[in-house]
Amino acid sequence: FNMSNPMTGQPISILLVDDIPILLEMLKEMLTLKGYHVVAVESGTSAYTALTQSQTKFDIVFTDVQMPDMSGITLAEKIYEFDPTLPVLLATGDDDLDVSLPANVKAVILKPYKPKEIAQHINNLLGG
C-alpha cells in the first residue's frame, strides 16, 4: 500500500495549512505514517510561499478556511492563479459555507473531522 504518485512514482506531497499547531501536528503525523510526504505550515501566507518558492511539487493542498492572516478560500484562489491543476481540500467548522469556491476546490470537509476521512478524501482525489 504505497502512497506514490502514479505519474512520477514519487511519494505524494501534501501541503497542510492550519493555524492550530496541535491539529497540524496530528494531521501531519497521521499522513506521514500513511506514507505521504507532508509539509505543514501555520498560515495561508506561509503556504503560498511554500508553494511558490519550494523545490517540492505538491500534489494536493489541505487547508483550514478560518485563519487569521488569509482565509483558506483566498489561499485557494491564489493557488488557482498559480497552478489551476493543483487540487485543494478545504476544512471548515461552518457547515453553511455560502461563497463561490474556486474551481480547484475539490472538497469541503466539515470540522470536526476524523483524520481517517482526510486520508480517504486525498485518496479519492488522486484516483487511489
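The values are calculated or read from the model by the stated rules, or taken from the named source; none is laboratory data. Here the structure is a predicted model, which is why all the values come from computation and not from measurement. Note that each Cβ is placed from the backbone with ideal geometry, even for glycine, and that neighbours are counted across all protein chains shown. Remember, those area values only see protein heavy atoms, side chains included, never the ligands or the DNA or RNA. Shrake-Rupley method; radii C 1.70, N 1.55, O 1.52, S 1.80 Å.
Is it fair to say Lys116 is outside any loop (DSSP other than H, G, I, E, B), open to solvent by 50 Å² or more (accessible area, probe 1.4 Å) and modelled with pLDDT under 90? Working first, answer last.
Numbers: outside any loop (DSSP other than H, G, I, E, B): yes; open to solvent by 50 Å² or more (accessible area, probe 1.4 Å): yes; modelled with pLDDT under 90: yes.
When the stated conditions are applied, Lys116 passes them.
Looking at the stretch 112-128, I want the residues that are over 20 Å from Glu25 (Cα atoms) and have a partner that is in a helix (DSSP H, G or I) and not small (Gly, Ala, Ser) with Cβ atoms under 9 Å, at least 6 apart or on another chain. Which pairs are those?
Close Cβ pairs (under 9 Å, with a partner that is in a helix (DSSP H, G or I) and not small (Gly, Ala, Ser)) amount to Gly128/Ile122.
Restricting the search to the stretch 33-54, which residues are open to solvent by 40 Å² or more (accessible area, probe 1.4 Å), under 17 Å from Glu81 (Cα atoms) and in contact with an Asp or Glu (Cβ under 7 Å, 6 or more places away or on another chain)?
The answer is Thr45, and nothing else.
Are any residues in the stretch 37-54 under 8 Å from Leu15 (Cα atoms) and in contact with a Ser or Thr (Cβ under 7 Å, 6 or more places away or on another chain), and if so, which ones?
Residues satisfying the conditions are Val38, Val39, Ala47.
Among the residues of the stretch 6-30, count how many are closer than 11 Å to Val61 by Cα and of a type in the set (S, T, N, Q).
1
Contact list please: Cβ distance under 7 Å, first residue in the stretch 48-74 and closer than 25 Å to Ala119 by Cβ, second residue of a type in the set (Lys, Arg) and surrounded by 15 or more Cβ atoms within 10 Å (Cβ to Cβ), pairs at least six apart or on different chains.
Tyr48/Lys78
Kindly establish whether Ile20 is modelled with pLDDT under 95, open to solvent by less than 70 Å² (accessible area, probe 1.4 Å) and closer than 21 Å to Ala119 by Cα.
Numbers: modelled with pLDDT under 95: yes; open to solvent by less than 70 Å² (accessible area, probe 1.4 Å): no; closer than 21 Å to Ala119 by Cα: yes.
No: the conditions fail for Ile20.
Quick one: in the stretch 72-82, which of the residues that are within 17 Å of Ser46 (Cβ to Cβ) and over 12 Å from the mean Cα position of the chain (by Cα) is most open to solvent (accessible area, probe 1.4 Å)?
Phe82
May I ask you to say which residue of Asp64, Asp95, Asp59, Asp69 is open to solvent by 10 Å² or more (accessible area, probe 1.4 Å) and in contact with a Gly (Cβ under 6 Å, 6 or more places away or on another chain)?
The unique qualifying residue is Asp69.
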